[in-house]
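All remarks here apply to the structure that follows.
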Amino acid sequence: MQDFSFPAPPTAPDTAELRAEVRAFLAAELAGYPTAERIRSWSGFDADFSRKLGQRGWIGMTWPKQYGGHERSALERYVVLEELLAAGAPVAAHWIADRQSGPLLLKVGTEEQKRSILPRIAAGEFFFCIGMSEPDSGSDLAAVRTRAVPVEGGWRVNGTKLWTTYAHHAHAMILYCRTGAADDRHGGTSQFLVDLTLPGITIRPIADLSGARHFNEVVFEDVLLPHSALIGQEGDGWNQVMSELAYERSGPERFLSTFVLFVELVRALGSQMTPDAAGALGRLGVHLVVLRRLSRSVAGMLQDGRNPALQASVVKDLGALVEQEIPEIARQLMAMEPDLRSHDALSAVLGYSILNAPAFSLRGGTREILRGIIARGLGLR
């Protein structure tokens, strides 16, 4: 059985000044920003906004200064993330690069990769997408079929990736693919740093249920990658991905995706709050507080160099439950028609949340996959 503790979150000097600074920045930058756009949370894309965050030093906050970072604490970074998400800021452009692509390169990348990529991420000028999921395999990453074959000068890649959020705006992808025997589900995989402008790469946007086109299918047809594109060790892709997923699954975005709806619901009920409504909202509030504590604990473990894949899976699974519960409770408490195109803020954010909530337990690993990881970690399978 793995260590299943959630140690106390990291401490840091008083962060009230930083929190106030971020709130003042957001109040000015997002003045007049529609509530119907804020509900998109970390799915909202605005490259200019990301560059402004980079100029403030709020991307790559914990990274070494030699790579464009700012050597601030994990808790200080967490404060910035919380405020961005609570305000519904459009952070999607840099989010993946800051959350997991940069930390992965910092951990196992070559010196050339670090020096050429990390400063541009920290400046809010270089964006990544995730090359993990595939058709017919989804969250079963051990079943990937995209393959990189060694050739003269590097590697030739063929295959297809799916669920690649904002690949059509990204500069690069961290590609997870097979480099060894097909029957070696874990040991035969590797990761590569892929320039998405290379010949042979086709990116096709896919509309989701709400009509948004941020998902993509990315097809690789005889794409040639240089030897320098390999990230970490050949054949160690599975271990690297598991470490990377701890970053992806544990952050505050895993329980704050519908926080704007929660705020609008409280505002709409106002003085008309009934005991039943107060009880329902109070219970949600308690869940959010607990998830915040667990998520900050994982942030501390990552800062200490640990691999809290088990704890991150718990945060992701429980967070998805709460994110999906908020729109359901809103429907029960408010007699209104949800419509994401409505001029009424609550109706619009409720409509968006209802259409997107089913994906919350799919993205970042399906509920079944996460619970399998948790069961194995507890020694139950």
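What are the residues in the range 165-220 that are part of a loop (DSSP other than H, G, I, E, B), among the hydroxyl-bearing types (S, T, Y) and in contact (Cβ under 8 Å) with a residue 40 or more places away in the chain, if any?
Once the filter is applied, which keeps residues that are part of a loop (DSSP other than H, G, I, E, B), among the hydroxyl-bearing types (S, T, Y) and in contact (Cβ under 8 Å) with a residue 40 or more places away in the chain, the range 165-220 yields T165, Y166, T179, S210.
Given (1) part of a loop (DSSP other than H, G, I, E, B); (2) aliphatic (A, V, I, L, M); (3) open to solvent by 10 Å² or more (accessible area, probe 1.4 Å), identify the lone condition not met by L106.
(1)
Go over the candidates V322, V315 one by one and state the one that is touching a His at 6+ places or on another chain (Cβ under 8 Å) and touching a residue at least 24 places away in the same chain (Cβ under 8 Å).
That would be V322, the only listed residue that is touching a His at 6+ places or on another chain (Cβ under 8 Å) and touching a residue at least 24 places away in the same chain (Cβ under 8 Å).
When only residues in the range 284-312 that are touching a residue at least 40 places away in the same chain (Cβ under 8 Å) and of a type in the set (G, A, S) count, which is farthest from S73 (Cα to Cα)?
The residue in question is A309.
In the range 209-223, how many residues are open to solvent by less than 30 Å² (accessible area, probe 1.4 Å) and over 16 Å from P135 (Cα atoms)?
First, pick out the residues of the range 209-223 that are open to solvent by less than 30 Å² (accessible area, probe 1.4 Å): 210, 212, 214, 216, 218-220, 223.
Now narrow it down to the ones that are over 16 Å from P135 (Cα atoms): 210, 212, 214, 223.
Qualifying residue count, the range 209-223: 4.
Quick check on this structure: which one of P275, P338, P327 is of a type outside the set (G, A, S) and under 26 Å from the mean Cα position of the chain (by Cα)?
Testing whether each residue is of a type outside the set (G, A, S) and under 26 Å from the mean Cα position of the chain (by Cα) leaves just P327.
Has the range 221-240 got at least one residue that is among the hydrophobic types (A, V, I, L, M, F, W, C) and within 22 Å of the chain's Cα centre (by Cα)?
Filtering the range 221-240 down to residues among the hydrophobic types (A, V, I, L, M, F, W, C) leaves 223-225, 229-231, 238.
Now narrow it down to the ones that are within 22 Å of the chain's Cα centre (by Cα): 231, 238.
There is at least one residue in the range 221-240 that is among the hydrophobic types (A, V, I, L, M, F, W, C) and within 22 Å of the chain's Cα centre (by Cα).
Could you give every pair whose Cβ atoms fall below 6 Å, whose first residue belongs to the range 224-246 and is closer than 18 Å to S133 by Cα, and whose second residue is aromatic (F, W, Y), counting only separations of at least 6 or pairs across chains?
Going by the 6 Å Cβ cut-off, the qualifying pairs are G237/Y176; V241/Y176.
How many of the residues in the range 283-317 are assigned to a helix (DSSP H, G or I) and open to solvent by less than 40 Å² (accessible area, probe 1.4 Å)?
Total meeting the criteria: 21.
Filtering the range 344-372 down to residues that are of a type in the set (A, V, I, L, M, F, W, C) and open to solvent by 30 Å² or more (accessible area, probe 1.4 Å), which residue is nearest to F4 (Cα to Cα)?
I369
Kindly establish whether S5 is among the hydroxyl-bearing types (S, T, Y), farther than 22 Å from L256 by Cβ, out of contact with any strand residue (DSSP E or B) (no Cβ under 6 Å at 6 or more places or on another chain) and not in a loop (DSSP other than H, G, I, E, B).
Numbers: among the hydroxyl-bearing types (S, T, Y): yes; farther than 22 Å from L256 by Cβ: yes; out of contact with any strand residue (DSSP E or B) (no Cβ under 6 Å at 6 or more places or on another chain): yes; not in a loop (DSSP other than H, G, I, E, B): no.
In short, no.
Within the group V149, V157, which residue is open to solvent by 30 Å² or more (accessible area, probe 1.4 Å), hydrophobic (A, V, I, L, M, F, W, C) and modelled with pLDDT of 95 or more?
Values: V157 fails: open to solvent by 30 Å² or more (accessible area, probe 1.4 Å).
Just a single option satisfies the conditions, and that option is V149.
The values are calculated or read from the model by the stated rules, or taken from the named source; none is laboratory data. Computed from a prediction, not measured in an experiment: that's the story for all the values here. Every residue, glycine among them, receives a Cβ derived from its backbone with ideal geometry; neighbour counts consider all protein chains shown. Please note that ligands, DNA and RNA were not included when accessible areas were found on the heavy atoms of the full protein model with its side chains. Shrake-Rupley method; radii C 1.70, N 1.55, O 1.52, S 1.80 Å.
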